[in-house]
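These notes concern the structure reproduced below.
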Number of protein chains: 2
Amino acid sequence: MAGERTDEHPPQPGLTRDALTQAALCVLEREGINGLSMRKVATELGVKAASLYWHVRNKEELLDLLTDALMADAEPPLRQGDWREQLREYCLRHRRLLLSRRDAAKVVAGRFALGPHLLSLMEDQLDRLRDAGFADADAALCTYLLGAYVQGFVLQEQVPISASEAMGTSRAEVATAVSAQLRSLPEETFPNLVALADDLTTPNMDERFAFGLERLIDGLAALLDQGRAGRAVPGVTVPEVPL
Amino acid sequence: MAGERTDEHPPQPGLTRDALTQAALCVLEREGINGLSMRKVATELGVKAASLYWHVRNKEELLDLLTDALMADAEPPLRQGDWREQLREYCLRHRRLLLSRRDAAKVVAGRFALGPHLLSLMEDQLDRLRDAGFADADAALCTYLLGAYVQGFVLQEQVPISASEAMGTSRAEVATAVSAQLRSLPEETFPNLVALADDLTTPNMDERFAFGLERLIDGLAALLDQGRAGRAVPGVTVPEVPL
DNA sequence: ACCTGAACACCGTTCAAGT
DNA sequence: ACCTGAACACCGTTCAAGT
């Protein structure tokens, strides 16, 4: 959407906040979040570190810009199917987006940046939730809830990758190792961990994510039903309970 | 539980991994996660930074120890009430624990450390879930799900605290500021954000957390019911569907 | 208005050397 | 076996100075 950048060291164009953001994106992809420093972003732009501080208050602000840039590719799902399908697709896409870029979840995690891209997504999602029949307050709580779930999940999911996969161990190998470790626990004190060692260590993250997502959506459906039961329904008269 | 430590600079006792952990805990509480450096932990112990590397491979390993130490005070809830009540209490306590120590969620976030304290908690929770009637795989998925939710939620909850509260702005002030910002958006393109500005920015985190928790538990209850429907129930014979 | 040089006060980690 | 001095290769940030 905003400012393409393919050249490594643009000779003249003059720094822009957008250029800084794109450069940060490059460095992040190449070196991960631990390698993302102001100095590296600067050299990526063919410039000295101190120059960045003319365009950006500090690193934190650059990370805020980066966060919104990471959301730039997000596209809301088609407006088809019932609200459950649409919400599910929303979350699946959000997760896929976070997984598609290195350490994206870690960058986004716990940042409080209401960038333009995020705002558009929220606007769209809120619209669908209200259409589906959710009360205003519930719709607001719902978007927050789903955001927290996806972000929290991917964060936990993405980290073992850098922590132990950096040491050459693949995810599947880690899983079997942990499984063995759990099975070798003293059975008298940890009977459940021993018995469920395999269930606890399946490396199938898609399934784990889907499981939580379905529970969440079921729970929201229950809320919607109980909300409808309180309203006037054709043919049935339900007494309104005060407050 | 393990190794009390009250002296600031113990003269002789010789470093132990446990002493390092407790010192790290102190530094974390005092300076937050950004101020938590090997050098500061060392001086907390009256020792030079290089010394730490005899007891611990690197900072990452110290953070793993710290993570488990943060879980040390966790106590499983009483075994009373139905599974819903117990699970709810579990999550409330988990959140309270994370909130009770500075930047705890950030330390724990995305760390893959199965320390002894966490193992005990998981063992206990799995036991209750199986008692409640959850299938093995579902019980395993459930503990993971709840853990991800609580951790993800608190992470998002705790960060605005350090980011903007550090600048003297309280949470309530931030909320009203963001609310005003949302209300001032162009109404044609962001009608929902404008309309729900207040709902989206209530600073009542307890309520937000409880909302998600109830949806989650409702969703799990639905799963449990549908599981039971598939089993032989006294008086009713349900045909078993293969696979 | 925008960029740089040079400095400040920090980092994590290593390793020969001490005891 | 355990701790230190000294160094290495980095950080984020500031600020006078250049253009």
Completion exercise
Apart from one, (1) within 13 Å of chain B (Cβ to nearest Cβ); (2) surrounded by 17 or more Cβ atoms within 10 Å (Cβ to Cβ) all hold for A:Arg93; the odd one out is (1)
Fill in the blank from the handout: Of the residues in the range B:196-216, those that are more than 7 Å from chain A (Cβ to nearest Cβ) and not charged (D, E, K, R) come to B:Ala197, B:Thr201, B:Thr202, B:Pro203, B:Asn204, B:Met205, B:Phe209, B:Ala210, B:Leu213
Exercise for the section: Would you mind telling me which numbered condition in (1) within 16 Å of DNA strand C (Cβ to nearest atom); (2) over 17 Å from the mean Cα position of the chain (by Cα) B:Leu126 fails? Expected result: (1)
Completion exercise
Of (1) open to solvent by 40 Å² or more (accessible area, probe 1.4 Å); (2) at pLDDT below 95; (3) within 8 Å of chain B (Cβ to nearest Cβ), A:Val178 satisfies every one except (1)
Practice task
Please name all residue pairs, on different chains or six or more residues apart, with Cβ atoms under 7 Å, provided the first residue is in the range A:111-122 and is within 7 Å of another protein chain (Cβ to nearest Cβ) and more than 19 Å from B:Glu187 (Cβ to Cβ) and the second residue is open to solvent by less than 50 Å² (accessible area, probe 1.4 Å) and part of a loop (DSSP other than H, G, I, E, B).
Solution key: none
Exercise for the section: Quick one: which residue in B:Val47, B:Val41 is hydrophobic (A, V, I, L, M, F, W, C), outside any loop (DSSP other than H, G, I, E, B) and more than 20 Å from the chain's Cα centre (by Cα)? Expected result: B:Val41
Problem - Some residue of the range A:62-75 being within 15 Å of DNA strand C (Cβ to nearest atom) and assigned to a helix (DSSP H, G or I) - result: yes
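For B:Arg128, are the conditions met, namely being part of a helix (DSSP H, G or I), more than 12 Å from every other protein chain (Cβ to nearest Cβ) and of a type outside the set (A, V, I, L, M)?
No.
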Problem - Flag for B:Asp68 being at pLDDT below 95, touching a Leu at 6+ places or on another chain (Cβ under 7 Å) and loosely packed, with under 15 Cβ neighbours inside 10 Å - result: no
Handout entry: Among the candidates B:Arg102, B:Arg88, residue that is within 14 Å of another protein chain (Cβ to nearest Cβ) and over 21 Å from B:Leu119 (Cα atoms)
Key = B:Arg102
Exercise for the section: Give me the pairs, please: first residue somewhere in the range A:31-58 and within 14 Å of chain B (Cβ to nearest Cβ) and more than 10 Å from DNA strand C (Cβ to nearest atom), second residue anywhere and open to solvent by 40 Å² or more (accessible area, probe 1.4 Å) and not in a loop (DSSP other than H, G, I, E, B), beta-carbon distance under 8 Å, and either six or more positions apart or on two chains. Expected result: A:Gly32/A:Ser162; A:Ile33/A:Lys106
Problem - Considering residues of the range B:100-122 that are more than 17 Å from B:Ala148 (Cβ to Cβ), in contact with a helix residue (DSSP H, G or I) (Cβ under 7 Å, 6 or more places away or on another chain) and surrounded by fewer than 21 Cβ atoms within 10 Å (Cβ to Cβ) only, the residue modelled with the lowest pLDDT - result: B:Gly115
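If I ask for residues that are open to solvent by 80 Å² or more (accessible area, probe 1.4 Å) and modelled with pLDDT under 50, which ones from the range A:1-28 would you list? If you could, list the steps in order and put the result at the bottom.
Applying the first criterion (open to solvent by 80 Å² or more (accessible area, probe 1.4 Å)) to the range A:1-28 yields A:1, A:4, A:6-9, A:11-13, A:17.
Once the filter is applied, which keeps residues that are open to solvent by 80 Å² or more (accessible area, probe 1.4 Å) and modelled with pLDDT under 50, the range A:1-28 yields A:Met1, A:Glu4, A:Thr6, A:Asp7, A:Glu8, A:His9, A:Pro11, A:Gln12.
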Fill in the blank from the handout: The residue that is least open to solvent (accessible area, probe 1.4 Å), considering only those in the range A:29-48 that are of a type in the set (S, T, N, Q) and at pLDDT 95 or above, is A:Ser37
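The values are calculated or read from the model by the stated rules, or taken from the named source; none is laboratory data. Keep in mind it's a predicted model, so treat the numbers as computed, not measured. Backbone-built Cβ (ideal geometry, glycine too); neighbour counts: all protein chains shown. Just so you know, the surface numbers come from the protein's heavy atoms only, side chains and all, with ligands and any DNA or RNA stripped out. Shrake-Rupley method; radii C 1.70, N 1.55, O 1.52, S 1.80 Å.
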